[in-house]
Structures are given as structure tokens and as C-alpha cells.
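Report on the structure given below.
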Amino acid sequence: DIQMTQSPSSLSTSVGDTVTITCRASQDIINSLAWYQQRSGSAPKVLLYAASRLVSGVPSRFSGSGSGTEYTLTITSLQPEDFATYYCQQYYSSSTFGQGTRLEIK
Amino acid sequence: QLLESGGDLVQPGGSLRLSCEASDFTFNIYGMTWVRQAPGTGLEWVASISGSGGNTKYADSVKGRFIISRDNSKNTVFLEMNSLRADDTAEYFCAKDADPENVVALIAVNGYSYYMDVWGEGTTVIVSS
């Protein structure tokens, strides 16, 4: 099974900041990676897929990059509605989620 | 849209059947997935099923205890859960593959695993005596 290691587990940050979240896979997942946002009490919402492709309607301040075993989600100019928990998901072999990164307001 | 139901309080060792009714898309051409989230923790993939229902995959943690199935005539996917344990306590979400399975078969590296674009709001399962 493919393991996904996501870091950091939490991040204290401010509106307007830029943040980067990393996911490392235990093997090459050939860009088969999606990023989700989950607000408290709600279902997850997909933001990006294929590592770097933005889902229609998602603001352009969200971007993804990476290859092989290492992938990043970057959020520039954080907005109040961005404070949530973010998860990566590999879908190269079955499916595995990262442990999540909680963005908190400093 | 996806609407889950069937969550309940059940004793350890018991069984439960979750349902997820879909609307507003052509159900039988999309793979479907169950994902769970234990209280205060992250997301865990549980099981997936192809559009036809012919292919299923399970997480090791539920293999042999849970069964995913679907009734395309009723636009519904099910998760039958047996031999329930305390660590099965979670919110259970159903989710839809982002593309039809003929597209997934071409794009996905292994031909079936994919990301999900529509999620239900979840149903709560509590396993406790």
C-alpha cells in the first residue's frame, strides 16, 4: 500500500500570507494526486487534481506542483475562507489520504 | 447530489447498511467511493466500486468485513458493514468519481482509481456498547 506523509500537521498563519503544504508518497505516484479542502463540519471539496490542475471554479491563488514522490499545495494571499484543513489524496494505486494540515489564524 | 443514510449506534460485533442516493448525474457510468472520518481525525478511504458494479476495492482495515455494492436502477450505492468494531466509529461519506469510468480507464494510471468531485454530507456510525 502507498503511504502519504503530509506536513506540517498544522500551520498558524495570517490573512494575506502564502503557505505551502507538502505530501510525500512512499513510491512514485506519477502525478496521481488530488488536494481537498475541508471546512469544519462539512464534506471535503476537491481543489486540484493530477498534481497541478485546478478544478473549475477554484480560485487561482491555489496551485499545485511536484512529481515522483513529492508534491506541494501553495496558497497565496490567504483569505479568511481559506482557514480550513487540507488533505492530499493519491489515486495511483487504490487511494490513500494524507493526515491533513490544519490552517489556523494567527 | 449525494445523500447518505443508515448511520446509527450499533454494538460491537453488529452490522449496519449504509445507503447513498445519487441525483442529477448519470449514475451508472461513474465509479463511487466510501470515505470515512473518525472523530477529530483525517480522511480514510474505505471502498470503491466501478460504474457497472463489477469491480470493487477495499482498504485493508475493512476487507472481509465490509461490502460495497450498487443498484443502478435506484441510483444508490451501499456499504454493508459487518463485525463492527469501536474503531469503525466515524462519519461516512460517499463520493463520486470526477469523470465517467470510460474516461478514468484511459486517464488513470491503473485504470480505475481516481479523485472525487462530488461528496455527500455524511452519515454517522457509532460503534459502542
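Tabulated data for the structure shown
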{"read-out": "Filter pass, residue B:51 being within 12 Å of another protein chain (Cβ to nearest Cβ), in a loop (DSSP other than H, G, I, E, B), surrounded by fewer than 21 Cβ atoms within 10 Å (Cβ to Cβ) and at pLDDT below 95", "value": "no"}
{"read-out": "Residues of the range A:47-70 classified as within 12 Å of chain B (Cβ to nearest Cβ) and of a type in the set (S, T, N, Q), total", "value": "1"}
{"read-out": "Neighbours by Cβ (under 9 Å, 6+ apart or cross-chain): first from the range B:104-128, free of Cβ contacts under 8 Å to residues at least 24 places away in the same chain and of a type in the set (Val, Ile, Thr); second outside any strand (DSSP E or B) and buried (at least 21 other Cβ atoms within 10 Å of the Cβ)", "value": "B:107/B:114; B:109/A:29; B:109/A:32; B:109/A:91"}
{"read-out": "Some residue of the range B:84-106 being surrounded by fewer than 22 Cβ atoms within 10 Å (Cβ to Cβ), modelled with pLDDT under 95, within 26 Å of residue A:52 (Cα to Cα) and within 11 Å of chain A (Cβ to nearest Cβ)", "value": "yes"}
{"read-out": "Tally of residues being facing another protein chain (nearest Cβ under 10 Å) and either surrounded by fewer than 14 Cβ atoms within 10 Å (Cβ to Cβ) or touching a residue at least 24 places away in the same chain (Cβ under 8 Å) (or both) across the range A:34-46", "value": "7"}
{"read-out": "Residue among A:21, A:29, A:2, A:75 that is over 10 Å from the mean Cα position of the chain (by Cα), in contact (Cβ under 8 Å) with a residue 12 or more places away in the chain and either away from chain B (no Cβ under 12 Å) or surrounded by fewer than 21 Cβ atoms within 10 Å (Cβ to Cβ) (or both)", "value": "A:2"}
{"read-out": "Selected residue [assigned to a loop (DSSP other than H, G, I, E, B) and of a type in the set (Val, Ile, Thr)] from B:118, B:77, B:104, B:62", "value": "B:62"}
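The values are calculated or read from the model by the stated rules, or taken from the named source; none is laboratory data. The model shown is predicted, which means the values in this text are computed figures rather than measured ones. Here Cβ is always computed from backbone atoms with ideal geometry, including for glycine, and neighbour counts include all displayed protein chains.
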